[in-house]
Amino acid sequence: MGADGKTPRRRAAVSHSVIEALTGTGTGTGSASAPAFKAADLSKRSLFIGFSGGLDSSVLTHALLQVMRPLGGRLMAVHVNHRLQPAAMQFERHCREMARLWKVALTVKRPAQIQGQASQLGLEASARLRRYAAFEQVMGLKAASRRAEEPGLAKPPALPYDPDSSNWPVLVLAHHANDQVETALLQWMRGAGLEGLSAMPVLSQREGYILWRPLLSLTRSTLEDYARSCKLPFIEDPSNALLDQDRNRLRQQVFPVLRAMRPGAVAAMTRSLQHLQQARLLLEQLDQDDLAGCIEPQGLSLTALLRLPAARQTRTFRAWLVGHQKVPGAAMPPARRLEEFLRQLRTARAGRRPLLAVTAPSTGGGPSFRVRLRAGFLTVEWV
């Protein structure tokens, strides 16, 4: 008992900024648009950690164990073995050994490759889709995450803590500040808008679960410091040294130049991304206000939509489409296609009905939905 007669709360055995990021006690945790979970929240959740055996996920798994065990929380590590390289079974054996050593439950999934998917989406994107599907299967969810966070697909907005989802499982991934900046740079190179440039939110909501990336405010060097201080064994993925992938070229050729030009560049760029996330959240709130004035029982009122300023027309139209998704992350056309469709609607002659057909890469090329104009209202048809 403490001096006040209450039982003191047990703290994690390790004191480090990584631990602070997990418990929401540090000054640099979370982001402008999504706070970290608090310790009391973690004790009520079932957490599933993506565990590859590399530095990032090893630090995350070890640190979460320090936080969760005193709280009595439920925790499971999930290793997805894509069997895409000779060392894949070595990685799996390492994860099994670490799970045994750390006394944490581990599930290993070996998803089968989907015929033609890698050639259509690229090997990395295809593996990411199957990895999310494996995570959802382990969490006991019905739907496979076939369309999560792929180029050209919609990202669900960052969400604060939602009491209505208090019983949902949490998928915890070890993306850190370097990953965040890499993602933003790659999106910038693709000509992405605010949704792409703001990169990854700390918290986002999926179909039946919460995706949590608690380390986004921490640089890789911070994770390396934690691993050294705790003497954590981890494996190095040899594919990270290959320069045929844009992300690896950024890590090995661009980031050293940025650090040489300005020490602390990654942390500073991460703060800029947090500002972008805050701007995105504010704009999404405006989108919902505009959308409320355009919605009728028959569909989206074209007359009301076209009364808005041009830039807000596109955002409101996109927000309406996102609200019609069957699952978060369904196919979403880029802004230029939405703008062109709206231009066609504004200039269409009497009797003409412009059509927007959206094809989802993961459906094998078939259109996933169509937007039609009927009697002055836009409607969505899923195919």
Report, by chain and number, residues whose modeled amide H sits under 5 Å from the one on residue 45, excluding near sequence neighbours (fewer than 5 apart, same chain). 74
Using label points projected 7 Å from each Cα along Cα→Cβ, tell me how many nm separate residue 347 and residue 242, to one decimal. 4.5
Using θ = phi - 60° and the Karplus relation 6.51 cos²θ - 1.76 cosθ + 1.60, list the HN-Hα couplings for region 45-59 in order, rounded to whole Hz, with x at every Gly or Pro. 9, 9, 9, 10, 9, x, 10, 8, x, x, 4, 4, 6, 5, 4
What does the charge count around residue 265 come to, taking other residues whose C-beta lies under 12 Å from its C-beta (Lys +1, Arg +1, Asp -1, Glu -1)? +3
Would you please give the residues with an amide H less than 5 Å from that of residue 80, counting only those at least 5 places away or on a separate chain, with H modeled from the backbone geometry? 51, 109
Calculate the FRET efficiency for residue 265 and residue 231 from the Cβ-Cβ distance with a Förster distance of 25 Å, rounded to the nearest 0.05. 0.30
Sites residue 43 and residue 257 - FRET efficiency at Förster radius 45 Å, r taken between beta-carbons, to 0.05: 0.55
Using a Förster distance of 41 Å, the FRET efficiency for residue 249-residue 336 (Cβ separation, nearest 0.05): 0.95
Charge tally for neighbours of residue 215 with beta carbon under 15 Å away, counting Lys, Arg as +1 and Asp, Glu as -1, is -4
Per 5 Å bin from zero, what fraction in whole % of the C-alpha pairs of region 181-259 is there, up to the bin with the longest pair? 3, 12, 14, 20, 22, 17, 9, 3, 0
Under the Karplus relation with 6.51, -1.76 and 1.60 and θ = phi - 60°, whole-Hz ³J(HN,Hα) for region 282-287, x at Gly and Pro, equal 5, 5, 5, 5, 5, 4
For residue 44, solvent-accessible area (1.4 Å; no DNA, RNA or ligand), Å²: 140
Tell me the net charge near residue 281. Cut-off is 12 Å between Cβ atoms, residue 281 excluded, with +1 for each Lys or Arg and -1 for each Asp or Glu. -2
Chymotrypsin sites (Phe, Trp or Tyr not before Pro), restricted to region 184-227: which are DSSP loop and have at most 16 other Cβ atoms within 10 Å? none
Roughly to the nearest percent, how much of the accessible area of region 238-298 is carbon and sulfur, given a 1.4 Å probe? 57
Applying the Karplus parametrisation 6.51 cos²θ - 1.76 cosθ + 1.60 with θ = phi - 60° to the phi angles of region 165-174, what ³J(HN,Hα) value in whole Hz is obtained for each residue in order, glycine and proline being reported as x? 10, 5, 9, 6, x, 10, 8, 10, 10, 9
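The values are calculated or read from the model by the stated rules, or taken from the named source; none is laboratory data. In this text, all values refer to a predicted model and were calculated from it rather than measured experimentally. Ideal geometry is used to build each Cβ from the backbone, glycine not excepted, and the neighbour counts take in all protein chains shown. Areas reflect the complete protein model, heavy atoms only, side chains present, ligands, DNA and RNA absent. Shrake-Rupley method; radii C 1.70, N 1.55, O 1.52, S 1.80 Å.
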